[in-house]
1. Take R274, project a point 7 Å from its Cα along the Cβ direction, then tell me which residues of segment 214-258 have their backbone nitrogen under 16 Å from it.
2. State to the nearest 20 debye the size of the charge dipole of the chain about its Cα centre, where the only charges are +1 on K and R beta carbons and -1 on D and E beta carbons.
3. With a point put 7 Å past each Cα toward its Cβ, work out how far W245 is from W305 in nm, to one decimal.
4. Would you give the gap between the C-alpha center of segment 9-25 and the C-alpha center of segment 95-118, rounded to a whole Å?
5. Quick check: from the Cα gyration tensor, does segment 70-125 come out rounded (a/c under 1.5), prolate or oblate?
6. For the pair R352/R253, report the inter-label distance in nm, with labels modelled 7 Å from Cα in the Cβ direction.
7. Hey, if you put +1 on the Cβ of every Lys and Arg and -1 on every Asp and Glu Cβ in the chain, which of L350, P142, F207 ends up farthest toward the positive end of that dipole?
8. Would you calculate, for the chain, the mean residue ellipticity at 222 nm contributed by helices, counting each DSSP H stretch of 4 or more residues as -39,500 (n - 2.57) and dividing by all residues, to the nearest 500?
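The values are calculated or read from the model by the stated rules, or taken from the named source; none is laboratory data. Please read all numbers here as calculations on a predicted model, not as lab measurements. Methodologically, a virtual Cβ is constructed for each residue, glycine included, from the backbone with ideal geometry; neighbour enumeration extends over all protein chains shown. With ligands, DNA and RNA removed, areas are computed over all heavy atoms of the protein, side chains included. Shrake-Rupley method; radii C 1.70, N 1.55, O 1.52, S 1.80 Å.
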Amino acid sequence: MDEKYVAIAIPFFFLLIGVEILALRARGLRGAYRFADSITNLSCGVGQQILEPFFKSAILVPYAWLYARGHAFSISPRSPLAWVVVVFAVDFVFYVFHRVSHRVGFLWAVHAVHHQSEEYNLSVALRQPWLQTLAGAAFYLPLAVLGVPPAMFLGVLTIDTLYQFWIHTRLIGRLGPIEWILNTPSHHRVHHGADPQYLDRNYAGIFIVWDRLFGTYCREDGEPVYGTVKPASSWNPLAVNTMVWRDLASASRRTRSFVDKVLVWLAPPDWRPRDLGGSNQGVAPTKRTRKPRYDVRAPRAVQVWVGLQFALVAAATMAYLWVEATAPRPLLLAAAALFGATVVAWGGLLERKRWGWPLEVSRLAAIAGLVVCVLA
């Protein structure tokens, strides 16, 4: 994605989140936002954007190389029709990538992060996996061979991503005829459901037509229970980004079959080697009335501290994204490391971990040192 467009969008994201909170409270849904859950969602988003400048070359460099080597068609960015075609093409590739991410073990290890929140609100839209760009890079390369110019591809990919922000809300019901064409909050709520009938449905980015065409569409019939079949049970963004990876590595290590050691990483998430119990046949029914499985609450003073710190980090993230194209790479690496330490420290504080405050104090000292070095 184009980081400057994301930087510009950040204030609007938070404005809309604020509006959603007020609207939910007006409807009596005060528990739809839980502080620690929302901070974890937003921390995952911060981490993903901070890593983006280092990972985006994984897609842009091979994409530009393939495009320069020759392409099947000449697609002009000056043509409005060409933009429409490319929007559909990029969105179709997203559908394929998204669907595969739910059915291939190591790709699910990346994507699962986005599904782990047991709430459904606009902050969940920003809960993005840290390795998302690397995971999806190869899927978009055929567009270069077809002739989509790199700048056009990057612009449409940004549009496709930003569109999906507004569909992460419980406030908007069904939208009539538009539901036949576009992905909507109702469709996407299904996608985030852990209920057996909702699993692996509605993969669409912008256009729900892909799900209707390829048999993965499901109509919302009652509000889903949100989250993953195996809850993350953590407010630590590093832990939630590595949870499924650790599970796969453990299964691969414990199984005795060499073939199964490899298949663990490639098979669907519900598959297990025979000597570890075999495939999971189905999912236990999920009751809508259940309470959130994980709800460790930090003292109010800690929540206020983390909230104030997040406001500063949100502003710093905007600045980071704005200058990333011209800033020295060593400075960006140092800043990225501090951002990472910051969001992990918050997880420790919100979970009342012993190491939370020592890490928080250390990262504040490191930030002070970095500022002195930059100003010197």
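1. Taking a point 7 Å out along Cα→Cβ of R274, the residues of segment 214-258 whose backbone N falls under 16 Å are 255-258.
2. On the way: 37 positive and 24 negative charges, 192 e Å.
Here the chain has a charge dipole of around 920 debye.
3. Result: 2.8 nm between the two label points.
4. Between the Cα centres of segment 9-25 and segment 95-118 lies a distance of 26 Å.
5. Numbers: a/c = 4.31, a/b = 1.94, b/c = 2.22.
Note, shape of segment 70-125 comes out oblate.
6. Modelled inter-label distance: 3.0 nm.
7. L350
8. Values: 16 runs with 226 residues, N = 376.
Roughly -19500 deg cm²/dmol at 222 nm, from the helical runs in the chain.
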